[in-house]
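Enquirer: Below are the structure tokens for one structure; questions will follow.
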Amino acid sequence: LAALPFGGIVLELLDLAHEQYDSAIAQTVEEIIAGTGTELLTQRIRDDPEVRATVIEALSAAGRTGLETKRRALSKLVTAAILDDARVDEAQLLILALRDLEGPHIRALTRAARAQGVDVTSGLRCSSEPRRRTTCPRPRP
């Protein structure tokens, strides 16, 4: 690539992408360890193939996203699965659901929910009645 007229910038972008990927994964692992401890995390990854696959999927998704809230949600899901076997299936499903959601998807879902009268911060149905306190902001165009 370096020999191409535009190759230098492509190589720089690839280096930056690798740095961001590695940094996001490192942050995610630190958060998981803060919630589980190194020993338990290591044991669960070694002993349970489903937990191992869950951690790998979450770290891969965390490395690819630019959304900090999504990355933190992934670390919380893994932490819950590490701490409680009963949460592994739920974590797997939610990680797979989050894996491909990025900013444009979340904004579109937010607009759709608001258009249906759902307060996206609470999940409550919104009301246009003046006596009711729960109201939703109007969706952005």
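The values are calculated or read from the model by the stated rules, or taken from the named source; none is laboratory data. What you are looking at is a predicted structure, and each value in this text was computed from that prediction instead of being measured. In this analysis, Cβ positions are derived from the backbone assuming ideal geometry, glycine residues included, and neighbour counts consider all displayed protein chains. What goes into the accessible areas is simple: the full protein's heavy atoms, side chains included, and nothing from ligands, DNA or RNA. Shrake-Rupley method; radii C 1.70, N 1.55, O 1.52, S 1.80 Å.
Enquirer: Skip the ligands, DNA and RNA, and give the accessible area per residue of the stretch 1-82 with a 1.4 Å probe, whole Å².
Expert: Result: 59 Å² per residue.
Enquirer: Would you grab the residues whose amide H sits under 5 Å from the one on V118? Only those 5+ places off in sequence or on another chain, please, with H modelled 1.01 Å from N.
Expert: Here the answer is C126, since their amide H atoms fall under 5 Å of that of V118.
Enquirer: Ranked highest first by the average count of other Cβ atoms within 10 Å around their residues, in what order do 58-66, 8-16, 27-35 fall?
Expert: Taking the mean over residues of other Cβ atoms within 10 Å, the ranking is 58-66, 27-35, 8-16.
Enquirer: Can you tell me, using C-alpha contacts under 8 Å and at least 6 residues apart, the relative contact order of the stretch 1-104 as a whole percent?
Expert: Relative contact order, the stretch 1-104: 27 percent.
Enquirer: Carbon and sulfur: what percent of the stretch 1-78's accessible surface (1.4 Å probe)?
Expert: Whole-percent figure for carbon plus sulfur exposure: 60.
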